[in-house]
Amino acid sequence: MNDNKSNILIPFDATELSVKALDKAKEIAVNQNSNIIVLYVIDDTSFYPKEIAKFISNMDDFDKMRHNYEKSIREGAEIMIKKQMDSLVEEGIMAKSIIRVGHPADEILTVSKEENVSMIIIGSSGSLKKRHDRKGIGSVSRWISEVATCPVVLVR
């Protein structure tokens, strides 16, 4: 990517809000001549609570299953992101994709620093909306908005 341009980070998981966030990023990237970084995080906190590991009788088999699960998710994410990357290229926007494994908020913040992003654009409601009939800020987007060292745009 061109180092003279600013980088906009988009955590993307193909949900309605991440699609809206990517659309907003496209608009800003075109107006500010910026690059877009599309990030997908495989949430490893959902594999199992770390405290339970000592109670799993066969961790080798469990780790193989986890590896296969992660591999399958990664393959799907690559296909999902490729569609978005192709669209960005067609629109003349420089872009790159990154897939990480970890806690989504931690990985978003890490990538934002590693890639020297000037802005993060993220959907503003996650699991909270699924559990309640009210709109709110999801825990990941809330954490990002409070801790990031660059501007954060929350999209609804």
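Shape descriptor for the chain: Rg over Rh equals 1.01 (Cα atoms; Rh from the Kirkwood inverse mean 1/r).
The Rg/Rh ratio of segment 36-125, with Rg taken over Cα atoms and Rh as the Kirkwood radius over Cα pairs, comes to 1.06.
Using the Cα gyration tensor of segment 78-129, with a ≥ b ≥ c the square roots of its eigenvalues, what is the shape: rounded (a/c below 1.5), prolate (a/b larger than b/c) or oblate (neither)? Prolate. Ile52 sits with roughly 70 Å² accessible to a 1.4 Å probe, with DNA, RNA and ligands left out of the calculation. At a Förster distance of 25 Å, what's the computed FRET efficiency of Gln32 paired with Lys82, Cβ-Cβ distance as r, to 0.05? The pair Gln32/Lys82 has a calculated efficiency of 0.50.
Each helix, a run of at least 4 DSSP H residues, gives -39500 (n - 2.57); summed and divided by the residues of the chain, these come to -15500 deg cm²/dmol at 222 nm. Relative to the longest principal axis of the Cα atoms of the chain, helix 59-90 runs at roughly 10 degrees.
Scoring 19-25, 147-153 by mean Cβ neighbours within 10 Å over their residues and listing the highest first yields 19-25, 147-153.
Two decimals is fine: what's Rg over Rh for segment 14-71, C-alpha atoms, Kirkwood radius as Rh?
1.27
Using a probe of 1.4 angstrom, how much of the accessible area of the chain is carbon and sulfur, in percent? Carbon and sulfur together cover 49 percent of it.
Pairs Lys50/Lys113; Lys5/Lys83; Lys5/Lys96; Lys64/Lys96; Lys24/Lys113: which exceed 18 Å Cα-Cα?
Beyond 18 Å between Cα atoms: Lys50/Lys113; Lys5/Lys83; Lys64/Lys96; Lys24/Lys113.
The values are calculated or read from the model by the stated rules, or taken from the named source; none is laboratory data. Here the structure is a predicted model, which is why all the values come from computation and not from measurement. No Cβ is skipped: glycine too gets one built from the backbone with ideal geometry, and neighbour counts run over all protein chains shown. Surface accessibility is based on the protein's heavy atoms, side chains included, excluding ligands, DNA and RNA. Shrake-Rupley method; radii C 1.70, N 1.55, O 1.52, S 1.80 Å.
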